[in-house]
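Below you'll find the structure, written out as structure tokens, and then a few comments.
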Amino acid sequence: HLDRAIRSVSEWKRMAQAAKKELEVAEGRIDVLLAADKFRSPIVFKKKKRQTKSQSMPILIASDWHVEEEVGEETGFGRKYNLDIAEERIYNFGENGLALVNSSRAHTQINELLLLFLGDHFSGFIHEDLVEVAQLSEIEVILWLRERMSALIKYLQREGDFDKITIVGKIGNHSRTTMKPRVSTAHKHSLEWLLYHVLALEFANDKSIEWVIEPTYHTIVDIYGFKVRIHHGDWVGRYQGGIGGLAVPLSKAHLRWNQDPNLKADRDIIGHWHSWEGSTGKVIVNGSLIGPTKFGVKIQAMERPVQGFSLISEKFCDETIRAPVFVE
């Protein structure tokens, strides 16, 4: 009987403690309900006093135009690409790129532009089948591109309201005059290297245009202390599919190059892969102007034609916007 009485007392204690906890919870709920009934001034986010807008640098990224490579319905129903379409898309790149610049001006001051020509603006004859689909010879396409690139630069000058435009020219792997790629002397065998220098001579007396045409594979540009490493992208390594897509080999290349103090950068900006990527983190990968080709179908690279836009903020010393520039 004594043991039963002791157990009974313990059970009553547990029941009392449980009831006390339930009472505390109930009282808390009542306090919340009573507080909700009382008048309370709402939280208001007040706009700060008008301040001078901080500076930002827009970057327009142009690469992988492959202008003379004709594409027909052998690639897919309704698909087409030729010189006339290429010219229209170059213009659309300028117009739609400036639309992104002007929309950014609503929240930041923009006085300058960084325009990147990242190579493979034509296909050339590095593969036998490219000879069959080329609408122009390599010499003819250089003359064709010089006129359109010049027109694009003048359009950005005229319509963009920039005090200065800096143009970086990097060669691609298609513009070489040798069958096999060269490494140390790649620029000496590139028709795009010649094209950039011809364009630079055309604008030599224009102080609002600055050209950066380096023989090195990488070009480092410092924007408000934020460094971008600019190159075509063909030295990143072989991508053979797998989980994570391009982000994996690109991230590895970014980290490895950053081990060299002379190459250290906050972002890589590349072309080559015909794949506008929003998931590659510290590597900005440009799309293409040509869009899907039969070779692209073979390797499952069938992205619509787009070019690239990025915005670097002086205030945050970082990339604040990354967006595709649609060209269709």
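Would you check which residues across the range 169-192 are polar (S, T, N, Q), touching an Asp or Glu at 6+ places or on another chain (Cβ under 9 Å) and open to solvent by less than 70 Å² (accessible area, probe 1.4 Å) and list them?
Correct list: N173, S175.
Consider R50 carefully, then state whether it is out of contact with any strand residue (DSSP E or B) (no Cβ under 9 Å at 6 or more places or on another chain) and either surrounded by fewer than 10 Cβ atoms within 10 Å (Cβ to Cβ) or modelled with pLDDT of 90 or more (or both).
Answer is yes for this residue.
Which ones in the range 62-88 are of a type outside the set (G, A, S), open to solvent by less than 30 Å² (accessible area, probe 1.4 Å) and under 23 Å from the mean Cα position of the chain (by Cα)?
Residues satisfying the conditions are D64, W65, H66, V67.
So, of the residues in the range 124-133 that are in contact (Cβ under 8 Å) with a residue 12 or more places away in the chain and open to solvent by 30 Å² or more (accessible area, probe 1.4 Å), which turns out to be farthest from E214 (Cα to Cα)?
V133
Given the conditions (1) touching a strand residue (DSSP E or B) at 6+ places or on another chain (Cβ under 6 Å); (2) open to solvent by less than 20 Å² (accessible area, probe 1.4 Å); (3) of a type in the set (A, V, I, L, M), which single one is not true for L195?
Here L195 clears every test but (1).
Just give me the residues in the range 85-100 being touching a residue at least 60 places away in the same chain (Cβ under 8 Å) and aliphatic (A, V, I, L, M), in sequence order.
Scanning the range 85-100 gives A86, I90, L98, L100.
Touching a helix residue (DSSP H, G or I) at 6+ places or on another chain (Cβ under 9 Å), part of a strand (DSSP E or B) and of a type outside the set (S, T, N, Q), is that true of L113?
yes
For the range 182-193, indicate whether the set of residues that are in contact with a His (Cβ under 8 Å, 6 or more places away or on another chain), within 30 Å of A99 (Cα to Cα), assigned to a helix (DSSP H, G or I) and at pLDDT 95 or above is non-empty.
Yes: one or more hits.
Counting only residues that are touching an Asp or Glu at 6+ places or on another chain (Cβ under 6 Å) and assigned to a loop (DSSP other than H, G, I, E, B), which one in the range 120-155 is farthest from Y217 (Cα to Cα)?
Only one residue tops the list, namely Q135.
Any chance the range 185-195 includes a residue that's under 25 Å from R256 (Cβ atoms), free of Cβ contacts under 8 Å to residues at least 60 places away in the same chain and not hydroxyl-bearing (S, T, Y)?
The answer is yes; a qualifying residue exists.
I'd like to know if the range 146-163 contains one or more residues that are open to solvent by less than 40 Å² (accessible area, probe 1.4 Å), of a type in the set (S, T, N, Q) and touching a Gly at 6+ places or on another chain (Cβ under 9 Å).
Looking through the range 146-163, none of the residues is open to solvent by less than 40 Å² (accessible area, probe 1.4 Å), of a type in the set (S, T, N, Q) and touching a Gly at 6+ places or on another chain (Cβ under 9 Å).
Quick one: N102 ticks every box in (1) in a helix (DSSP H, G or I); (2) open to solvent by less than 20 Å² (accessible area, probe 1.4 Å); (3) among the polar types (S, T, N, Q) bar one, so which box is it?
Only one criterion is unmet by N102, namely (2).
Kindly indicate whether any position in the range 156-172 is over 27 Å from the mean Cα position of the chain (by Cα) and over 16 Å from L114 (Cβ atoms).
No, every residue in the range 156-172 fails to be over 27 Å from the mean Cα position of the chain (by Cα) and over 16 Å from L114 (Cβ atoms).
Can you pull out the strands (runs of 3 or more DSSP E) entirely within the range 227-317 that have at least 3 residues that are modelled with pLDDT under 95?
Strands (runs of 3 or more DSSP E) meeting the threshold: 283-285.
The values are calculated or read from the model by the stated rules, or taken from the named source; none is laboratory data. Predicted model only: the values in this text are computed from it and were never measured. Here Cβ is always computed from backbone atoms with ideal geometry, including for glycine, and neighbour counts include all displayed protein chains. Surface accessibility is based on the protein's heavy atoms, side chains included, excluding ligands, DNA and RNA. Shrake-Rupley method; radii C 1.70, N 1.55, O 1.52, S 1.80 Å.
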